[in-house]
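The structure under discussion appears below in the form of structure tokens.
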Amino acid sequence: MKKFDYMSKYGYEQLSYFYDKSTGLKAIICVHSTSLGPALGGTRFLDYADEDDAVEDVLRLAKGMTYKNACAGLNIGGGKSVIIGDAKALKEDSVKREAFWRTFGRYVESLNGRYIAAEDVNTTTSDMDFIAMETDFVAGLESKSGTPSPFTALGVINSIKACVKEVYGEESLNGKTVAIQGLGSVGFDLARKLHKEGAKLYVTTRDKAKVQKAVEELGAIPVGLDEIYDLECDIYCPCALGATVNDDTVNRLKCKIIAGAANNVLKDAPVHGQILFDRGIIYAPDYVANSGGVINVYQELLGYDEDAAIKKINFIYDRTREIIRISKETKTPTYLIADQMAEARIEAVKNLKRIYNR
Ligand code: NAD
């Protein structure tokens with residue numbers, strides 16, 4: 001589909017290319033929606049196979065942020081930026097690194113607040129500090145809210161408890177079996193939190209040392225990368241890749257609950273979300289379960305206060321309960337209820353603005 005047709009069909013506001021010859025920076029910033037406020041979303045740095053892949057990614061991710069931010073009750077819109085290149089090579093070049101990120105900061109500044117950058121895949125809070133030298137429109141700074149992963153993990157725990165309450169009548173995780181896919185920044189922290197609450201852990205990840213650490217520190221049981229889909233467990237917790245609930249896996253899963261940190265867990269939401277619903281597996285919508293990180297970053301825009309951020313993150317429990325309740329009442333898959341809630345909030349606030357504008 002042609003870009004303007006696509007933007008018109010899915011309600012995008014802006015797609016901008018930025019290039020800087022001296023640093024080699026190639027960035028694309030997408031503002032999906034500013035209906036609820038400036039578009040907040042991370043900066044992803046990847047060696048994309050080609051430019052079209054990067055554009056596809058930034059469009060998809062920016063729209064996802066609109067829904068995530070709206071459903072979390074934040075007064076911000078959705079956007080995203082992607083940088084095309086080799087993140088590892090840049091990390092090793094300290095002189096170029098500063099110029100590169102400050103150049104990106106200038107480009108962010110040129111959007112005059114329509115987009116707010118933050119950390120994402122292959123970018124760090126210290127990269128954000130460089131961006132902050134050139135613009136105020138960046139959040140998630142090392143010196144302020146810091147790394148979002150522990151807050152994302154806290155949100156995931158809240159969504160898991162909401163689902164556990166639905167299935168078992170109480171929210172205790174004691175004795176529950178949880179299969180964690182991915183022991184990265186979020187997954188390992190989550191594993192520790194779950195262990196502390198008495199859950200029994202199955203783990204898989206690409207990094208063998210992390211698996212060993214989870215075995216020694218948390219008494220976790222290692223499972224194979226593919227074996228995780230066939231496990232008898234209470235909760236399947238995807239914390240690695242997207243699209244892990246797909247044609248191959250959706251009928252293999254023997255869990256009662258799916259809740260994790262990964263984005264876009266359902267490969268094809270209308271198909272796989274419906275199958276999960278029909279099979280009676282409770283699915284905590286990904287962008288609700290993993291919104292703890294962005295809620296924490298958002299708090300920085302208001303003046304950072306960790307207690308206030310945690311209070312908002314704990315609300316993920318209530319939001320997930322509400323989604324499950326409506327899903328049951330209307331016999332509609334949870335992913336769709338979350339989308340409808342986000343869209344309804346955006347529409348309601350747009351209407352409110354119309355009234356004030358008179
Ligand atoms: P990370 O890169 O630190 O960790 C990813 C982990 O997944 C690694 O341990 C890696 O070994 C593992 N992995 C990769 N492929 C795998 C496979 N096929 N099977 C099993 N494990 C595999 O990432 P992260 O920051 O922990 O984020 C995890 C997920 O949560 C990502 O999808 C990310 O987009 C999403 N997310 C993260 C945050 C955050 O605050 N970091 C917020 C929202 C969403």
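Pick from the stretch 272-323 the residues that are small (G, A, S) and either over 22 Å from P38 (Cα atoms) or open to solvent by less than 10 Å² (accessible area, probe 1.4 Å) (or both): which of them is nearest to the ligand (Cβ to nearest atom)?
Just the residues of the stretch 272-323 that are small (G, A, S), to begin with: 273, 280, 284, 289, 291-293, 303, 308-309.
Applying the additional criterion that residues be either over 22 Å from P38 (Cα atoms) or open to solvent by less than 10 Å² (accessible area, probe 1.4 Å) (or both) yields 273, 280, 284, 289, 291-293, 309.
On the way: G273: 18, G280: 26, A284: 13, A289: 9, S291: 8, G292: 7, G293: 3, A309: 13 Å.
If we take residues in the stretch 272-323 being small (G, A, S) and either over 22 Å from P38 (Cα atoms) or open to solvent by less than 10 Å² (accessible area, probe 1.4 Å) (or both), then G293 is nearest to the ligand (Cβ to nearest atom).
Within the stretch 39-55, the set of residues being small (G, A, S) and open to solvent by less than 20 Å² (accessible area, probe 1.4 Å) comprises A39, G41, G42, A54. In the stretch 20-38, the qualifying residues are those that are hydroxyl-bearing (S, T, Y) and under 28 Å from the mean Cα position of the chain (by Cα), and the one that is most open to solvent (accessible area, probe 1.4 Å) is T34.
Out of K165, K193, which single residue is open to solvent by 30 Å² or more (accessible area, probe 1.4 Å), more than 16 Å from G292 (Cα to Cα), more than 13 Å from the ligand (Cβ to nearest atom) and part of a helix (DSSP H, G or I)?
Values: K193 fails: more than 16 Å from G292 (Cα to Cα).
Of the residues listed, the single one that is open to solvent by 30 Å² or more (accessible area, probe 1.4 Å), more than 16 Å from G292 (Cα to Cα), more than 13 Å from the ligand (Cβ to nearest atom) and part of a helix (DSSP H, G or I) is K165.
If you go through the stretch 326-348 and keep only what is exposed (fewer than 15 other Cβ atoms within 10 Å of the Cβ) and of a type in the set (V, I, T), you end up with just T330.
Using the structure shown, decide if L154 is closer than 17 Å to A284 by Cβ, open to solvent by less than 70 Å² (accessible area, probe 1.4 Å), within 16 Å of the ligand (Cβ to nearest atom) and out of contact with any strand residue (DSSP E or B) (no Cβ under 9 Å at 6 or more places or on another chain). Walk me through how you get there before you give the answer.
Working: closer than 17 Å to A284 by Cβ: yes; open to solvent by less than 70 Å² (accessible area, probe 1.4 Å): yes; within 16 Å of the ligand (Cβ to nearest atom): yes; out of contact with any strand residue (DSSP E or B) (no Cβ under 9 Å at 6 or more places or on another chain): yes.
Considered against the rule, which asks whether it is closer than 17 Å to A284 by Cβ, open to solvent by less than 70 Å² (accessible area, probe 1.4 Å), within 16 Å of the ligand (Cβ to nearest atom) and out of contact with any strand residue (DSSP E or B) (no Cβ under 9 Å at 6 or more places or on another chain), L154 comes out as yes.
Given the residues G242, G224, G198, G219, which is the only one that is surrounded by fewer than 22 Cβ atoms within 10 Å (Cβ to Cβ), touching a residue at least 12 places away in the same chain (Cβ under 8 Å) and either within 9 Å of the ligand (Cβ to nearest atom) or under 22 Å from the mean Cα position of the chain (by Cα) (or both)? Show your work before the answer.
Working: G224 fails: either within 9 Å of the ligand (Cβ to nearest atom) or under 22 Å from the mean Cα position of the chain (by Cα) (or both); G198 fails: either within 9 Å of the ligand (Cβ to nearest atom) or under 22 Å from the mean Cα position of the chain (by Cα) (or both); G219 fails: either within 9 Å of the ligand (Cβ to nearest atom) or under 22 Å from the mean Cα position of the chain (by Cα) (or both).
Only one candidate passes the filter, namely G242.
Restricting attention to the stretch 201-216 and to residues that are more than 8 Å from the ligand (Cβ to nearest atom) and either within 24 Å of K254 (Cβ to Cβ) or of a type in the set (K, R) (or both), the residue that is nearest to the chain's Cα centre (by Cα) turns out to be V203.
Can you find even one residue in the stretch 124-134 that is closer than 21 Å to A261 by Cα and either surrounded by fewer than 22 Cβ atoms within 10 Å (Cβ to Cβ) or within 16 Å of the ligand (Cβ to nearest atom) (or both)? The answer is yes, given that some residue of the stretch 124-134 is closer than 21 Å to A261 by Cα and either surrounded by fewer than 22 Cβ atoms within 10 Å (Cβ to Cβ) or within 16 Å of the ligand (Cβ to nearest atom) (or both).
When the helices (runs of 4 or more DSSP H) confined to the stretch 39-128 are screened for residues that are touching a residue at least 60 places away in the same chain (Cβ under 8 Å) and not basic (K, R), those reaching at least 2 such residues are found at 51-71, 94-110.
Could you please give the count of residues in the stretch 135-151 that are more than 14 Å from the ligand (Cβ to nearest atom) and outside any loop (DSSP other than H, G, I, E, B)?
At the first step, the residues of the stretch 135-151 found to be more than 14 Å from the ligand (Cβ to nearest atom) are 135-138, 141-144.
Those left that are additionally outside any loop (DSSP other than H, G, I, E, B): 138.
Selection size over the stretch 135-151: 1.
Among residues of the stretch 88-124 being more than 20 Å from the chain's Cα centre (by Cα) and of a type in the set (A, V, I, L, M), the one that is farthest from D47 (Cα to Cα) is L111.
Residues in the stretch 245-265 that are within 12 Å of the ligand (Cβ to nearest atom) and open to solvent by 10 Å² or more (accessible area, probe 1.4 Å): A261, N263, N264. The set of residues in the stretch 296-332 that are more than 30 Å from D136 (Cβ to Cβ) and in contact with a strand residue (DSSP E or B) (Cβ under 7 Å, 6 or more places away or on another chain) contains only I324. Counting only helices (runs of 4 or more DSSP H) that sit wholly inside the stretch 250-358, those with at least 1 residues that are within 22 Å of Y168 (Cβ to Cβ) are 274-278, 286-289, 306-330, 334-357. Looking across the stretch 168-185, the residues that are open to solvent by 30 Å² or more (accessible area, probe 1.4 Å) and within 13 Å of the ligand (Cβ to nearest atom) come down to G184, S185.
The values are calculated or read from the model by the stated rules, or taken from the named source; none is laboratory data. Only a predicted model underlies this, so the values are computations on that prediction, with no experimental measurement involved. Every residue, glycine as well, gets a Cβ built from its backbone with ideal geometry; the counts of neighbours run over all protein chains shown. In case anyone asks, the SASA skips ligands and DNA or RNA and just uses the protein heavy atoms, side chains included. Shrake-Rupley method; radii C 1.70, N 1.55, O 1.52, S 1.80 Å.
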